[in-house]
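Asks: Below is one structure. I have some questions about it.
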Amino acid sequence: MRLLLCYMMLLGSSCVISTYGPPQRAQMTGDILLGGLFPIHFGVASKDQDLAARPESTQSGSAVSTAVANLLGLFYIPQISYASSSRLLSNKNQYKSFMRTIPTDEYQATAMADIIEHFQWNWVIAVASDDDYGRPGIEKFEKEMEERDICIHLNELISQYFEDTEIKALADRIENSTAKVIVVFASGPDMEPLIKEMVRRNITDRIWLASEAWASSSLIARPEYLDVVAGTIGFALKAGHIPGFREFLQQVHPKKDSHNEFVREFWEETFNCYLEDSPRLQESENGSTSFRPLCTGEEDITNVETPYLDYTHLRISYNAYAAVYSIAQALQDILTCTPGHGLFANNSCADIKRMEAWQVLKQLRHLNYTNSMGEKIHFDENADLAGNYTIINWHRSTEDGSVLFKEVGYYSMHAKKGSKLFIDKANILWNGHSSEVPFSNCSEDCEPGTRKGIIDSMPTCCFECTECSDGEYSNHKDASVCSKCPNNSWSNGNHTFCFLKEIEFLSWTEPFGIALAICAILGVVMTAFVMGVFVRFRNTPIVKATNRELSYVLLFSLICCFSSSLVFIGEPKDWTCRLRQPAFGISFVLCISCILVKTNRVLLVFEAKIPTSLHRKWWGLNLQFLLVFLCTFVQVMISSRKKSSSIGGSSGSTPSSSASFKTNGNDCDPTSGRHRPRVSFGSGTVTLSLSFEESRRSSL
């Protein structure tokens with residue numbers, strides 16, 4: 001909360017009243033004086049004061065506590081704030097004697113980011129008051145948003161002193177923004193001009209996320225503003241019970257509290273009358289204020305309804321109660337300290353009659369007690385109390401149309417991760433009437449089967465939905481990347497899941513399988529028979545004339561060609577998939593290279609009538625074998641390279657093959673995802689075809 005506050009420890013034996021200062025003050029004498037600063041009157045002072053009269057404070061927030069802390073820190077006078085939440089005040093190097101019973105805004109900024117993440121929003125507007133409360137709070141909020149990859153579309157500062165043109169320009173930017181959630185770190189006075197402009201424009205489709213400074217502000221929570229602010233989610237300080245407070249409020253009377261000018265003014269405002277000796281009565285007689293009758297003094301405070309007497313949800317008041325009782329407990333610890341068990345040099349104790357301010361500060365820093373609600377009171381290393389927030393939702397009363405603050409959850413700052421935030425969504429009314437969570441994202445959700453794609457020059461929260469590639473899938477909304485299917489699976493048409501590849505192969509028992517096997521075996525047998533004849537009659541002139549050594553290699557390659565076709569029959573295995581292409585390709589190239597060399601030899605024989613020594617030198621047997629080796633070596637290298645690519649590469653771009661069968665476009669081992677050379681039958685003839693680098697899409 002930005003409203004002031006601090007308590008000051010002033011030590012003395014009697015009450016000394018300064019002649020300077022406001023005439024309205026509450027004071028009592030005593031051995032130890034506790035000085036308190038409280039905002040009593042609400043109003044907006046002019047920002048250009050001419051000092052013709054006593055100047056009014058133009059700062060209703062943590063800035064006042066900051067100014068006081070700078071002064072009191074010089075003398076180590078303890079200052080306990082019940083409502084100054086600026087995180088800058090946690091700097092103990094600068095504010096040595098500052099303590100507080102309200103959570104720091106650093107926790108509130110984290111809680112706000114957690115709520116935005118909870119509702120899966122990623123596109124918001126941030127508005128902060130231009131002071132020591134709003135600026136540090138929104139800076140922490142920005143950091144939390146960056147860590148969660150949530151984007152802030154607009155980041156604006158606001159002040160109660162803005163000109164109308166500035167307010168209208170801000171309202172224009174908010175109205176034109178696609179973000180529907182507005183996070184506000186500001187006080188009620190700073191927010192009121194903007195809310196008025198939003199009401200004038202009837203902008204009712206925004207959700208406000210309110211910091212505790214205005215989450216329950218009576219200045220904003222008005223029926224005439226509800227069309228705009230209904231459904232606001234706000235952070236409220238934890239309420240507490242103050243023993244005896246109700247009875248105290250019911251006994252308030254100006255005759256009993258003549259030393260307290262605030263009670264006298266409260267009485268006049270509650271019963272709309274003036275006390276006889278009231279300075280406001282003189283103002284009324286002079287015509288500067290409206291006329292009111294005199295108070296009789298017999299008015300009954302228990303028969304009136306006033307928000308000042310609402311003791312059921314004490315939040316700021318409970319913090320003030322905790323601050324006063326912390327000081328009282330520290331004094332009690334000093335009074336009851338046993339020598340040898342104190343906090344000072346040589347475990348000594350402070351003398352309650354001659355104690356100094358720094359000794360009270362020391363005792364406060366080591367304070368540890370249980371209050372009337374059973375809560376442990378202990379200040380941490382930053383002199384802050386551990387606290388929690390109550391999350392409220394602004395509802396419209398069905399009875400009189402007023403604002404109701406409905407508790408819908410809580411935020412526990414020191415709970416373990418994942419348990420800090422609790423929200424009962426069923427009790428939330430968005431925009432005052434809807435139970436559906438509003439949409440405040442830069443882009444629509446990407447459906448399963450797609451992924452988020454980057455849009456140039458746009459924040460990361462703004463994206464386009466890109467369909468997953470073949471062989472990839474996404475099974476949830478807003479997937480950042482598509483996952484690859486396993487090697488034995490393929491993505492469905494919508495790319496939302498993977499299914500096992502259906503394996504179809506040429507069986508040994510199928511007609512085509514039997515025919516291919518018979519032809520291959522006959523080819524092997526017949527070739528082997530011819531090769532045996534050549535070996536048997538290797539020294540005969542006719543065998544020698546056929547270039548017998550090269551003929552042996554040719555016949556061997558034919559046997560390999562026929563044998564390799566058998567590997568294409570039967571269920572694919574890992575070793576068969578690895579063997580098919582290299583075996584067939586190498587044996588086929590070996591055969592073709594032998595035929596090529598033999599053909600060239602015959603051509604040379606016909607062209608050269610008498611072989612010259614040059615022909616014999618360059619076209620001898622060694623050269624022929626060298627050419628066959630080179631051609632075959634090239635094919636071996638190609639097969640090795642393709643094999644490596646098949647093993648290490650993706651299944652979407654690999655060599656393809658089949659043998660009159662298919663495995664969903666892939667006939668090899670279901671775990672490898674590779675394509676092999678294709679052997680097919682047609683019109684009673686055997687045709688051989690070889691294809692490389694055939695993409696998965698084209699093969700389908």
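Asks: Within region 77-103, name every residue whose backbone N is under 12 Å away from a label modeled 7 Å from Cα of LEU367 along the Cβ vector.
Replies: Residues passing the 12 Å test: 78-82, 98-102.
Asks: Would you check the accessible area of THR599, probe 1.4 Å, heavy atoms only, in square angstrom rounded to 10?
Replies: Its heavy atoms expose roughly 80 Å² to the probe.
Asks: GLU504 versus ASP130, label points 7 Å from Cα toward the beta carbon: distance in nm?
Replies: Label at GLU504, label at ASP130, 7.4 nm between them.
Asks: Tell me, what ³J(HN,Hα) does each residue in region 354-366 have, in order and in whole Hz, if you take phi through Karplus 6.51 cos²θ - 1.76 cosθ + 1.60 with θ = phi - 60° and put x for Gly and Pro?
Replies: 10, 6, 10, 4, 5, 6, 5, 4, 4, 5, 5, 5, 9
Asks: Now a separate question. Return the Rg/Rh ratio of region 449-512 with Cα-based radii and a Kirkwood Rh.
Replies: 1.28
Asks: Just the accessible area per residue of region 137-189, please: how many Å² with a 1.4 Å probe?
Replies: Value returned for region 137-189: 44 Å² of accessible area per residue.
Asks: May I pose another question? I'd like the carbon and sulfur percentage of the solvent accessible area for region 297-449, probe radius 1.4 Å, heavy atoms only, ligands and nucleic acids excluded. Kindly include the intermediate steps, with their values, before the conclusion.
Replies: Numbers: 4240 of 8850 Å².
Here it works out to 48 percent.
Asks: To continue, here is another question. Which shape class applies to region 355-431: rounded if a/c is under 1.5, otherwise prolate when a/b exceeds b/c and oblate if not, where a ≥ b ≥ c are the square roots of the Cα gyration tensor eigenvalues?
Replies: It is prolate, given that a/c is not under 1.5 and a/b is the larger ratio.
Asks: Can you give the percent of C-alpha pairs in region 330-487 whose distance is more than 27 Å?
Replies: 63 percent
Asks: Take the alpha carbon gyration tensor of region 127-231, find the square roots of its eigenvalues, order them as a ≥ b ≥ c, and report rounded if a/c is under 1.5; if not, report prolate when a/b exceeds b/c, else oblate.
Replies: Because its axes are fairly even, with a/c under 1.5, region 127-231 counts as rounded.
Asks: Same structure, new question: FRET efficiency for VAL634 and ILE518, Cβ-Cβ distance as r, R0 = 41 Å, nearest 0.05?
Replies: The computed FRET efficiency comes out at 0.80.
Asks: May I pose another question? Can you give the Rg to Rh ratio of region 190-348, both from alpha-carbon atoms, with Rh computed by the Kirkwood formula?
Replies: Ratio of gyration radius to Kirkwood radius: 1.12.
Asks: Quick one: if the Förster radius is 45 Å, what FRET efficiency do ALA239 and THR496 give, using the C-beta to C-beta distance and rounding to 0.05? Could the numbers behind the result be given before it?
Replies: On the way: r = 49 Å, r/R0 = 1.08.
The formula returns an efficiency of 0.40 here.
Asks: Would you mind working out the accessible area per residue for region 482-595, using a 1.4 Å probe, and quoting it in Å²?
Replies: 54 Å²
Asks: From the square roots a ≥ b ≥ c of the eigenvalues of the alpha-carbon gyration tensor of region 411-451, which class results: rounded (a/c under 1.5), prolate (a/b over b/c), or oblate?
Replies: Verdict is oblate for region 411-451.
Asks: At 1.4 Å probe size, what's the solvent-accessible area of ILE32? Round to the nearest 10 Å².
Replies: Its accessible surface works out to 60 Å², give or take rounding.
Asks: Residue separation times 0.36 nm, minus the C-alpha to C-alpha distance between TYR552 and ASP31: what's the value? Kindly include the intermediate steps, with their values, before the conclusion.
Replies: Numbers: separation 521, 0.36 × 521 = 187.56 nm, distance 12.36 nm.
This chain segment gains 175.2 nm when fully extended.
Asks: Given Cβ point charges of +1 (Lys, Arg) and -1 (Asp, Glu) and nothing else, what value in debye, to the nearest 20, does the dipole of region 99-196 about its Cα centre take?
Replies: It works out to roughly 220 debye.
Asks: Working with all protein chains in place, sort MET531, MET191 by solvent-accessible area computed with a 1.4 Å probe, largest first. If you can, show how the numbers build up before the last one.
Replies: On the way: MET531 50, MET191 0 Å².
From most accessible down to least: MET531, MET191.
Asks: What do you reckon, how do ARG200, ARG100, ARG538 stack up by accessible area (1.4 Å probe), largest on top?
Replies: Final ranking, largest accessible area leading: ARG200, ARG538, ARG100.
Asks: Over the heavy atoms of ILE542, what accessible area does a 1.4 Å probe trace out, to the nearest 10 Å²?
Replies: Approximately 120 Å² of ILE542 is accessible to the 1.4 Å probe.
Asks: With a 1.4 Å probe and all protein chains left in place, how much accessible area per residue does region 288-446 have, in Å²? It would help to have the intermediate numbers written out before the result.
Replies: Working: 9410 Å² over 159 residues.
Averaged over the residues of region 288-446, the accessible area is 59 Å².
Asks: Using 0.36 nm per residue of separation minus the Cα-Cα distance, give me the extension gain between SER402 and ASN155 in nm, one decimal.
Replies: Full extension of this stretch gives 85.8 nm more.
Asks: Taking the mean number of other Cβ atoms within 10 Å as a proxy for protection, how do you rank 146-154, 203-211, 162-170 from highest to lowest?
Replies: Top to bottom by mean Cβ count within 10 Å: 203-211, 146-154, 162-170.
Asks: Same structure, new question: Listed here are the pairs LYS96/LYS196; LYS140/LYS484; LYS256/LYS376; LYS92/LYS416; which of them are more than 30 Å apart at the Cα?
Replies: Over 30 Å Cα-Cα: LYS96/LYS196; LYS140/LYS484; LYS256/LYS376.
Asks: Could you give the length gained by full extension between ASP456 and ARG200, i.e. 0.36 nm per residue of separation minus their alpha carbon distance, to one decimal place?
Replies: In short, 88.5 nm is gained.
Asks: How would LYS353, LYS196 rank on accessible area, largest to smallest, probe 1.4 Å?
Replies: LYS353, LYS196
Asks: Hey, which aspartates and glutamates would be in cross-link range of LYS362, C-alpha to C-alpha under 19 Å, not counting anything within fewer than 8 residues on its own chain?
Replies: Leaving aside aspartates and glutamates fewer than 8 places away in the same chain, those within reach of LYS362 are ASP333, ASP351, ASP380, GLU381, ASP384.
The values are calculated or read from the model by the stated rules, or taken from the named source; none is laboratory data. Keep in mind it's a predicted model, so treat the numbers as computed, not measured. Neighbour counts run over all protein chains shown; Cβ positions are idealised from the backbone, glycine included. Just the protein is used for accessible areas: all its heavy atoms, side chains included, with ligands, DNA and RNA removed. Shrake-Rupley method; radii C 1.70, N 1.55, O 1.52, S 1.80 Å.
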